[in-house]
Amino acid sequence: MQAWEECELDKKEAREEGRLLGQEEGKFLLLKNQIQKKLQKGLSPEEIAKALEKELSTILALIKEL
């Protein structure tokens with residue numbers, strides 16, 4: 001394989017990795033947004049965890065970041 005072919009493969013791999021990281025970040029931001037809205041409606045962390053089908057520890061950690 002020539003050097004330019006290796007460079008193209010590296011670029012494709014980097015793009016794919018960036019795309020996947022972006023998707024994960026988007027999911028994380030959506031979850032934080034959902035938690036914030038549910039807190040504004042007066043739900044408890046336990047109710048939020050149940051509604052979003054997430055672990056309570058995850059919800060509590062994200063609430064601290066808000």
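Here are the numbers:
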| quantity | calculated |
| --- | --- |
| SER57 versus GLU25: modelled label distance in nm, points set 7 Å from Cα along the beta carbon direction | 2.7 nm |
| Calculated from backbone phi, Karplus (6.51, -1.76, 1.60) coupling profile of region 9-23 in Hz, x at Gly/Pro | 5, 4, 5, 5, 5, 5, 4, 5, 4, x, 5, 5, 5, x, 5 |
| Using θ = phi - 60° and Karplus 6.51 cos²θ - 1.76 cosθ + 1.60, couplings along region 47-64 (whole Hz; Gly, Pro as x) | 5, 5, 4, 5, 5, 8, 6, 10, 5, 4, 4, 5, 4, 4, 5, 6, 4, 5 |
| Debye intensity ratio in log₁₀ form over the Cα atoms of region 3-65, taken at each q of 0.15, 0.16 Å⁻¹ | -0.55, -0.58 |
| Reachable aspartates and glutamates, given that their alpha-carbon falls under 19 Å from the alpha-carbon of LYS64 and they are not under 8 places away in the same chain | GLU25, GLU46, GLU47, GLU53, GLU55 |
| Neighbour net charge for GLU24 - beta-carbon separation under 14 angstrom, K R +1, D E -1 | 0 |
| Lysines with Cα under 16 Å of LYS41, excluding same-chain neighbours fewer than 8 positions away | LYS32, LYS50 |
| Environment charge of GLU47, counting only residues whose C-beta is closer than 13 Å and scoring Lys/Arg +1, Asp/Glu -1 | +3 |
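Read the figures in this text as sums done on the coordinates, not as results from a lab. On a predicted model such as this, the values are computed, not experimentally measured, just so you know. Reconstructed Cβ throughout: ideal geometry from the backbone, glycine too, with neighbour counts over all protein chains shown.
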